[in-house]
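Rule-based calculations on the coordinates, nothing more; no lab input. These numbers were taken from a predicted model, which means no experiment stands behind them. We place every Cβ from the backbone using ideal geometry, glycine too, and count neighbours over all the protein chains shown.
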Amino acid sequence: MVSVVFCDAQVPNDNIENRLSLTLGQWHSSRTDSCSVQWKCVDEALTGKCIDYHNDQWFSFRTPASATPLFVNIAKQACRDVRGVQLVVMDGTPCQTATYRILACVSLANQNDIYVQLDSLRPNHTYLLNVDGYLHDYCRFDIQVSGQPQGMPMNKATQGTAKVLLAGGKATVSWSVDADVAAQVGRFQVFRRHQKEARAQLIETVDLSENAAGNFKDNYQLEDSLSTAGLYTYTVLGLTADGRRLLIGEQQRNVTQRDLSNAYVMLPLPYRKNTSVTLLLYEESGKRLLDKFTVTTKEENQRLRYFVGYFLEKGIRSVLLKAVNNKTGQVTESVVPLPGK
């Protein structure tokens with residue numbers, strides 16, 4: 001587990017007068033700890049529940065002659081409470097809240113690398129950017145304003161539909177897109193995040209495919225095995241040739257604690273009666289030994305009942321069994337799927 005250590009030093013851009021001007025395309029590292037709020041320079045009525053000001057800091061950026069679109073990229077978040085940052089992009093005169101116009105307002109609840117797309121920007125114009133820790137979190141982060149997005153999209157509408165169904169320890173993720181979206185993307189990425197995880201994990205990349213008629217398929221599906229209880233968030237993104245990620249859909253599902261008291265498998269022992277056999281159980285890759293023990297068969301081709309609840313708790317989905325005849329040295333191998341796969 002990585003611990004985040006915070007210091008008491010205040011960043012120079014704590015106040016709007018000392019806002020840091022971000023150069024397009026360049027990353028800047030910062031932190032929110034020890035920052036304070038200039039209440040005269042913010043107006044919570046403009047952002048509603050999106051922003052809860054606590055330890056904010058200020059940036060600005062100037063658009064080029066061809067201004068749209070631009071992207072605010074946030075990366076490498078490391079937060080005390082794993083809630084991530086919140087940010088608001090606005091137009092207006094610094095500290096004159098009556099002139100503020102909100103372009104984007106985003107609050108997370110995780111530490112994913114994300115981007116916020118900004119459209120309809122004025123050319124050669126300076127905008128304000130306020131970053132804070134979400135729900136009073138303290139965060140370190142990297143920030144960039146760029147013409148290229150990086151991370152997961154945060155403020156764009158879904159471009160399709162995604163559904164998650166739970167059954168038998170599996171999550172079936174299905175999604176659909178129309179012809180216009182299919183024409184833009186080359187493949188899909190499916191992410192999963194458990195409520196205790198700081199960031200979403202990429203679990204599968206699926207290529208866009210065609211049906212028998214030569215048209216792009218509009219429906220896709222994959223299965224994901226789950227062994228830990230809790231709230232899961234599944235996100236499906238479509239990747240375009242120019243580097244954008246379209247949010248196809250997102251859905252949450254809650255997995256209740258599994259009863260593993262009856263989590264047994266039958267291990268095949270393909271030997272004669274009264275044969276001394278050493279059993280070695282590995283992860284399916286064969287790289288890590290999970291268990292080793294010796295038995296004497298009670299009958300020919302015996303199937304031995306074996307508890308696998310501990311493996312399921314660790315997220316293991318199947319095991320490689322090596323059964324060694326201790327007299328002849330003969331080895332038989334088989335992959336044994338665990339319950340719920």
Theoretical gain in end-to-end length, Q96 to K322 [0.36 nm per residue, Cα-Cα removed]: 74.1 nm
Relative contact order [Cα under 8 Å, 6+ residues apart], the chain, whole percent: 13
What order, most packed first, do the peptides 297-303, 226-232 have when packing is the mean number of other Cβ atoms within 10 Å of each residue? 226-232, 297-303
Simple label model, 7 Å out from Cα along Cβ direction - K156 to S21, nm: 3.0
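Kindly provide the helix-only [θ] at 222 nm of the chain, computed as the sum of -39,500 (n - 2.57) over DSSP H runs of four or more divided by all residues, to the nearest 500 deg cm²/dmol?
Working: 3 runs with 13 residues, N = 341.
Computed ellipticity for the chain at 222 nm equals -500 deg cm²/dmol.
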Stretched out fully, how many nm does the piece from T278 to A183 gain, at 0.36 nm a residue minus the Cα gap? 28.6 nm
The percentage of Cα-Cα pairs in the stretch 201-277 separated by more than 17 Å is 69
Which entries of K163/K196; K163/K314; K273/K322; K49/K170 have Cα-Cα distances beyond 24 Å here? K163/K314; K49/K170
For A241 and L135, what is the calculated FRET efficiency with R₀ set at 41 Å and r taken between the beta-carbons, to the nearest 0.05? 0.65
Could you tally the net charge around N301, taking each other residue with its Cβ under 14 Å from the Cβ of N301, Lys/Arg +1 and Asp/Glu -1? +2
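So for each of 308-321, 75-88 I average, over its residues, the number of other beta carbons within 10 Å; can you give me the resulting order with the highest mean first?
75-88, 308-321
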Equivalent-ellipsoid semi-axes of the stretch 12-153, from the Cα gyration tensor, Å, largest first: 21, 18, 13
Semi-axes (Å, rounded, descending) of the ellipsoid equivalent to the stretch 264-337 per its C-alpha gyration tensor are 22, 13, 9
Extension gain (nm, one decimal) between D224 and D207, 0.36 nm per residue minus Cα-Cα: 4.4 nm
Note on the stretch 12-153: contact order normalised by length, alpha-carbon pairs under 8 Å, 6 or more apart, percent, works out to 37
So how compact is the chain: Cα radius of gyration and Dmax in angstrom? 26.5, 88
Computed from every Cα-Cα pair in the stretch 161-255, P(r) in 5 Å bins starting at 0 and rounded to whole percents is 3, 13, 25, 23, 16, 11, 6, 2, 0
Hey, rough spin-label estimate for L289 and F307, points 7 angstrom out along Cα→Cβ, what's it come to in nanometres? 2.2
When the charge dipole of the chain is computed with +1 at the Cβ of Lys and Arg and -1 at the Cβ of Asp and Glu, the Cα pointing farthest to the positive end, of L103, N325, L202, is that of N325
Say each of M266 and R199 gets a label point 7 Å from the Cα, pointing the same way as Cα to Cβ; how far apart are those two points in nm? 4.4
